[in-house]
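Right, one structure below, let's go through it.
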Amino acid sequence: MPAPLLPLLLAVPLPQENNQPPAGFTALFDGRSLAGWRGRPHLAPGTEEAWPEDERREQQAAWNQDRDAHWRVEDGAIVNDGQGVFLTTVRDYGDFELWVDYRTVPLADSGIYLRATPQVQIWDTREEGGKWSLGADRGSGGLWNNQGEGRFPRVLADRPFGEWNRFRILMVGERVWVWLNGWETVSGARLENYWDREAPLPRYGPIQLQTHGGEIRWRNLFLREIGPEEANRILARRADEGFRPLFTGRDLCGWMGATDGYEVVEGALQCRSGHGGTLATEEEFGDFIARLEIRIPPGGNNGLAIRWPGEGDPAYSGMCELQVLDNTSARYAGLKPWQYHGSVYGMVPAARGYLRPPGTWNFQEVRIQGSRIEVELNGFRILAADLDAVETTPDGREHPGKGLRRGHFGLAGHGDPVAFRNIRIRPLD
């Protein structure tokens, strides 16, 4: 068995016992009652919110009655008999670090739903458990409902039946890291949206403890919410090999074009109010991944120029312009879907609802490979498109540059003081 992988970024607190949280964490279970938990079955996020209030209250009362029939507290642990609704936090959570201890029995399997989405898997890993055909032989701690990365754990780390196991789970956007008994089983994989695989996960949702046919016990459930600055650091460090800076943080060395339209303010590259234009790297790129942080003032507007030839409007002369915009501004209430943040301007709309409030730094990753573009915002994939497949553009205009396979990377300013920092790139070709 390989040596345990070091925990990601964070100074890991010493986990506490007896349901007493370590510093900075909140106990989700007080050791005595199910306070803070409700019953809820396997349902898509937000399902009950669409119901009339009376219906929602009636259904929740029924779920809680089912909870009380199958869940209990015994000797400082939550015990489930293998049946009934899932135990679900009353509160919703966004980005967080979660500690969970569990102990289960032969032939059972279970899991932990993150933002009401399945799941960090718990198996009976023995052959006699009967689920090797599903991957149980590879161990617990994978994102089993994924179809790609993260589906199976990187190492089998389960302890024998009768012993307690300990999860540490880190979730930022859709990105998930899992450690089981100190071994890293998932390393920053996207938790796929089981309910709609073409859509990003919701920003917020409850944590659910699954029931699945056999007794399972839970204790030492501790959670720490993660703020934007820490979330950005975690995302920036994910698989960061091969990235190099494009901006020094001091001057515009290595940049060309509208150099008089931008200035360096407190280590960030910021568009001058009332100015703008396209500021681009002197270097050209083909396929690449770019990572950067973006701070948009109220009503702010800018863009990322992709494979820009050095002249013309990058939304048309370049492969595309990826929109940078304050989606919440009343100033933009009448925009077309392909004009909001993260969209391929004029061609492909991005999912909305994943920007942080104006004035807050956002982390964005852009992957360009051939004709394909993916945009990840604050850990959520908000756009995945193949521009070669766009035959009729929604804006009704020609985009002659969309087939370009090489060009400059840049910022397309529109007179608002939008700021950029920690701009890095990893060429893929």
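Here are the numbers for this structure:
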read-out: Chain lengthening between GLU128 and GLN369 when straightened (0.36 nm per residue, less Cα-Cα); value: 82.3 nm
read-out: Residue among GLY310, GLY267, GLY24 with the largest mean-square fluctuation in a Gaussian network model of the chain, springs linking Cα atoms under 10 Å; value: GLY24
read-out: Highest to lowest packing among 230-243, 288-301, scored as the average C-beta count within 10 Å; value: 288-301, 230-243
read-out: Stokes-Einstein D in µm²/s, Kirkwood radius over Cα pairs - segment 235-427 at 4 °C with 1.567 mPa s viscosity; value: 80
read-out: Alpha carbon centroid spacing (whole Å) that separates segment 25-57 from segment 410-424; value: 41
read-out: Vicinal HN-Hα couplings computed from phi for segment 97-108 (Karplus, 6.51 cos²θ - 1.76 cosθ + 1.60; Hz; Gly/Pro x); value: 10, 10, 10, 9, 9, 9, 9, 10, 10, x, 6, 8
read-out: Principal-axis tilt of helix 53-70 within the chain, Cα atoms, nearest 10 degrees; value: 40
read-out: Whole-Å distance, taken between Cα centres, linking segment 185-202 and segment 270-301; value: 28
read-out: Paramagnetic label zone (point 7 Å from Cα along Cα-to-C-beta, VAL105; backbone N under 15 Å) in segment 197-217; value: 211-217
read-out: GNM result for the chain, Cα springs below 10 Å: residue of ASP101, ASP287, ASP395 fluctuating most strongly; value: ASP395
read-out: Relative packing of peptides 40-53, 170-183 - highest average C-beta neighbours within 10 Å first; value: 170-183, 40-53
read-out: Expected 222 nm ellipticity per residue - DSSP helices of 4 or more, -39500 (n - 2.57), all of the chain, to 500; value: -2000 deg cm²/dmol
read-out: Modelled FRET efficiency - R0 56 Å, ASP30 with ARG406, Cβ distances, 0.05 increments; value: 0.40
read-out: Separation of the THR360 and ASP54 label points, Cα + 7 Å toward Cβ, nm; value: 3.7
read-out: Hz values of 3J(HN,Hα) by residue in segment 320-333 - Karplus curve (6.51, -1.76, 1.60), Gly and Pro given as x; value: 5, 10, 8, 5, 10, 7, 6, 5, 8, 6, 4, 4, 10, 4
read-out: Protection proxy ranking, peptides 55-64, 329-338, average beta carbon neighbours within 10 Å, highest first; value: 55-64, 329-338
read-out: GNM top mover of ALA23, ALA116, ALA77 - the chain, alpha-carbon springs below 10 Å; value: ALA23
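The numbers here are math on the coordinates, done by the rules we state, and not lab data. Here the structure is a predicted model, which means the values were calculated and not measured. Neighbour counts are summed over all protein chains in view; Cβ atoms, including those assigned to glycine, are modelled from backbone coordinates with ideal geometry.
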